[in-house]
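To start, the structure under review is shown below, and the notes come after it.
The values are calculated or read from the model by the stated rules, or taken from the named source; none is laboratory data. Values in this document were obtained by computation on a predicted structure and should not be read as measured data. Positions of Cβ are generated from backbone atoms using ideal geometry, with glycine treated the same way; all protein chains shown enter the neighbour counts. All accessible areas refer to the heavy atoms of the entire protein, side chains included, with ligands and DNA or RNA removed. Shrake-Rupley method; radii C 1.70, N 1.55, O 1.52, S 1.80 Å.
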Amino acid sequence: MLYDSIESLRTNGLWLAAIWVTLANVAMFAFALVAGEVLLRRFGDRRITPDPGPITGKERGLAGVCVLLNALVAVAGLALWREGVISLRPYGDYSTLTILLDALVLFVAMDFAMYVFHRVAHHPLVFRFAHSTHHDYESPRPLTLFVLNPMEVFGFGALWLLVLVAYSASIEGILIYLAINLVFGLVAHVGVEPAPEKWLSIPILRYVSTSTFHAEHHVDRFHNYGFYLLIWDRLFGTLSPQYAADFARSTDAPLTT
Ligand SMILES: [Zn+2]
Ligand SMILES: [Zn+2]
């Protein structure tokens, strides 16, 4: 069933495949907004940034463009796959462990690549015309995940396609990674802290990013460039010295500049 659907994206006309991946991107966008709203209501008493107020037309416009450009990146990926530049593991010819390892490789490789890309995006020469748009919003909300400069959308998309060219993963591993990526993105911008209060004392999990971690980056551009894990920021000395304190007080005072 899964393999038939994926294979039809390769064998049908590219236009038909493009419509399917566009619909998938719109569905992911809708899911992120609905799940974000659910988290906001459930954890409303653990707000970490002030309420951002009403959504502006500019935010809606940028988010809409971002969803369409994400679909365009997906179509480019499809075209590269149909041309054999991106290859997948032969369908079903692997174990569950291989699928999980594929998802882990994509997760760690993308996290490191995005850390480097994000630090470059903060170089003064690049920041002004590529990344400052996202930083116009110091109090993130679920929609902010998609409020990006179009150049940045293409930059992240190019990184993702490069990783897929370099590593032949299973389709299941890719889908698991994409689901995890969406969850991390929405948690990072939800504006409340859903992680349990003892999160930072749990082995291994304490190195996984939280809503507070990325919210801090929106008010302090000099720290917390990672997305999924804290390890790169720890390794390169860019983890906010306030992280533990801000996480601990996510129960009362919201973060401000
Ligand atoms: Zn952000
Ligand atoms: Zn940034």
Under Karplus coefficients 6.51, -1.76 and 1.60, residue-wise ³J(HN,Hα) of region 51-63 in Hz, glycine/proline x: 4, x, x, x, 6, 8, x, 4, 4, 4, x, 4, 5
Distance between modelled label sites at A79 and W15, nm, 7 Å Cα→Cβ extension: 1.5 nm
log10 of Debye I(q)/I(0), alpha-carbon scatterers only, for region 45-131 at 0.14, 0.23 Å⁻¹: -0.92, -1.23
Kirkwood Rh, angstrom, region 1-74 [1 / mean 1/r, Cα pairs]: 14.9 Å
Stokes-Einstein D for region 178-257, Kirkwood Rh over Cα pairs, 10 °C, 1.306 mPa s (µm²/s): 125 µm²/s
Cut-off under 5 Å, modelled amide H: who pairs with L230 long-range: V208, S209
Helix-only [θ]222 nm of the chain, DSSP H runs n ≥ 4, -39500 (n - 2.57) each, per residue, nearest 500: -19000 deg cm²/dmol
Check: the chain dipole with +1 on Lys, Arg Cβ and -1 on Asp, Glu Cβ, in debye: 200 debye
For T210, solvent-accessible area (1.4 Å; no DNA, RNA or ligand), Å²: 0 Å²
Accessible surface of L9 - all protein chains present, 1.4 Å probe, nearest 10 Å²: 30 Å²
Where M151, M28 fall by accessible area, highest first, once all protein chains stay in place (1.4 Å): M151, M28
Value of relative contact order over region 174-221, rounded to a whole percent, pairs C-alpha under 8 Å and six or more apart: 39 percent
Value of relative contact order over region 8-89, rounded to a whole percent, pairs C-alpha under 8 Å and six or more apart: 51 percent
Portion, in percent, of the accessible area of the chain that falls on carbon or sulfur, probe 1.4 Å: 69 percent
Solvent-accessible area per residue for region 184-257 (1.4 angstrom probe, square angstrom): 44 Å²
Listed residue (A30, Y3, W20) projecting farthest to the positive dipole end of region 1-62, Cβ model: A30
About the Cα centre, charge dipole magnitude for region 105-202 (Lys/Arg +1, Asp/Glu -1 at Cβ), debye: 140 debye
Debye intensity ratio in log₁₀ form over the Cα atoms of region 210-253, taken at each q of 0.13 Å⁻¹: -0.24
Per residue solvent-accessible surface (Å²) - region 30-120, probe of 1.4 Å: 54 Å²
Overall Cα dimensions of the chain, principal axis frame, Å, largest first: 54, 43, 39
Between helix 14-42 and the chain: long-axis angle, C-alpha atoms, 0 to 90°, nearest 10: 20 degrees
Alpha-carbon centroids, region 27-57 and region 197-225: separation in whole Å: 18 Å
